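The values are calculated or read from the model by the stated rules, or taken from the named source; none is laboratory data. Just so you know, these numbers come straight off a predicted model, no measurement behind them. Glycine also receives a Cβ, built like all others from the backbone with ideal geometry; neighbour counts cover every protein chain displayed.
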Amino acid sequence: MSSRSLFDPLADAYDQARPGYPEQLFIDLELLAGRPVAGARAVDVGAGTGIATRALLGHGARVLPVEPGAVMLDRLRRHSPGLPVVRGDGEALPLRAASVDLVTYAQAWHWVRVPTAAAEAARVLRPGGSLAVWWNDVDAEDFHWYQRQQERLEAMSPGYTRDYRDRPFADELRWTGLFAEVTTVTCRWYREIDLELYETCLRSKSFVAGLGDRLEDFLAAERRSLLRSFPDGRITEPFRTMLVVARVP
């Protein structure tokens, strides 16, 4: 991964406010991977504070989290004491060849060099195993509050663009020639949270932290904007979760 401890200063906000994943994601994962999550030996790369790790454990997988950030990994350990963890990244997985059924990246695949990380995933997967990468993306392009937010970020955060994850992720995996099948599926869902937690979630994002001295100005403008759209202070945040599953031969 390109930024080893980028999220460590954001670990508390990340842990408190980042969303989980819908049940439909795991239904789709089992369908595309061609096997149950329960009983699968999985490595969760870029595990962060363990949001996806805990979901996979809850579905019966045997999970080894791999995370480059020491502080993020500490938060994961607090949530899952006794769970073996590894500090590392997906471009040099500390695993034997053909040793796992599933390699997962939740909100993390866009940080890696695809040819290197894909080759590592293919190396550690057993025959017929799967690399699964997924993201929660805000699905609010038709809402004025979200458009105002994105315009503000593009004006204030150096290098930020709202389409920063607009890449042909499935094609990039196909182009490696390592996988027999690559499939994409999307599901939509939403959560309702209060304004304070929403602000904490904003603080957990690297491009918001990149505002530096302008952060408080940005957040104040966000509060005013959001309260116009949500006068009761309860934010309805719609998501589109994209899952890409690549199966090795």
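Let me confirm something: among 194, 163, which residue is modelled with pLDDT under 95 and either on the phi > 0 side of the Ramachandran plot or charged (D, E, K, R) (or both)?
Working: 194 fails: modelled with pLDDT under 95.
When all the criteria are applied, what remains is 163.
Residues in the stretch 218-233 that are in contact with a helix residue (DSSP H, G or I) (Cβ under 8 Å, 6 or more places away or on another chain) and not in a loop (DSSP other than H, G, I, E, B): 218, 219, 221, 222, 223, 225, 226, 227, 228, 229.
Here is a yes/no grid of residues against (1) surrounded by 17 or more Cβ atoms within 10 Å (Cβ to Cβ); (2) at pLDDT below 95:
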site: 200; (1), (2): yes, no
site: 206; (1), (2): no, yes
site: 222; (1), (2): yes, no
site: 229; (1), (2): no, no
site: 234; (1), (2): no, no
site: 238; (1), (2): no, no
site: 243; (1), (2): yes, no
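How many of the residues making up the stretch 172-198 are closer than 16 Å to residue 152 by Cβ and surrounded by fewer than 17 Cβ atoms within 10 Å (Cβ to Cβ)? So the answer is 0.
Residue by residue, here is whether (1) crowded, with 22+ Cβ neighbours inside 10 Å; (2) assigned to a strand (DSSP E or B); (3) at pLDDT 95 or above; (4) touching a Pro at 6+ places or on another chain (Cβ under 6 Å) holds:
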site: 42; (1), (2), (3), (4): yes, yes, yes, no
site: 55; (1), (2), (3), (4): no, no, yes, no
site: 60; (1), (2), (3), (4): no, no, yes, no
site: 65; (1), (2), (3), (4): yes, yes, yes, no
site: 72; (1), (2), (3), (4): yes, no, yes, no
site: 77; (1), (2), (3), (4): no, no, yes, no
site: 105; (1), (2), (3), (4): yes, yes, yes, no
site: 123; (1), (2), (3), (4): no, no, yes, no
site: 128; (1), (2), (3), (4): no, yes, yes, no
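Identify all residues within the stretch 6-23 that are at pLDDT below 95 and among the aromatic types (Phe, Trp, Tyr); write none if there are none. Matches in the stretch 6-23: 7 only.
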